[in-house]
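Shown next, in structure tokens, is the structure this report addresses.
The values are calculated or read from the model by the stated rules, or taken from the named source; none is laboratory data. Since the model is a prediction, treat every value here as computed from it, not as a measurement. Here the Cβ is made from the backbone with ideal geometry for all residues, glycine too, and neighbour counts use every protein chain on show. SASA here: full protein model, heavy atoms, side chains in, ligands and nucleic acids out. Shrake-Rupley method; radii C 1.70, N 1.55, O 1.52, S 1.80 Å.
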Amino acid sequence: MASNKQLQMVMRDMLFITWRVEPELLRKVVDVKLELDTKTDSSGHELAFVSAVCFNVTEVRSGAIPFSSLSFQQVDYRAYVKAGDVSAVSFLDIRVNSRMVTTLTSFMSVPVRYEDIEIATATGASGVLNYHVKSAGLRAEAVIDQNEVAISDTVTSPRFITQRPVGYAR
């Protein structure tokens, strides 16, 4: 049976921008109760990872709080961790461009802050996706030819980045 405190969101136009970082640097900002989820590159060097994840929230549903039509844009800054054997993310920062969302989440003890965020996407006839994001903390543009998508990173897979069933916020 689902709890009436659950929050469901429909997220669209999601972009993960991921950086490799030295585990010692990341350890300074991740709760010591969580283990960093690291990978070893071909030269034997241990790497940790952080991402900025940008997306549009187009629909929010909750049994706890009756929402009218609520949509907003969000940028999460996250580190990849493990809690025991469970792959997880540690949210380092969560930003949204909705003052209503920041007010509502403050009552739920979720560390969400307001920031002007602009996310725009467009797909051309040739299948090329143009993705633009602007915020105080991040400016990025990605041009992705969906016919020629190649994964150049053999250390991590898209599954490592996207399949995280648990999230921790500090």
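Side notes on the structure shown:
- Per atom type, the chain shows carbon and sulfur on 51% of its accessible surface, probed at 1.4 Å.
- Using the 1.4 Å probe convention, the accessible area of the chain works out to 62 Å² per residue with neighbouring protein chains retained.
- Whole-number D in µm²/s for region 29-120 (Stokes-Einstein; Kirkwood sum over Cα pairs; 4 °C, 1.567 mPa s): 85
- If you wrap the chain in the convex hull of its Cα atoms and look at it from every side, the mean projected area works out to 12.0 nm².
- Given their separation in residues at 0.36 nm each and the Cα-Cα distance between them, Val21 and Ser71 gain 14.7 nm when the chain is fully extended.
- With R₀ set to 41 Å, the beta-carbon distance separating Ala120 from Val166 gives a calculated FRET efficiency near 0.85.
- Using Cβ point charges alone (K and R +1, D and E -1), the dipole size of the chain about the Cα centre works out to roughly 600 debye.
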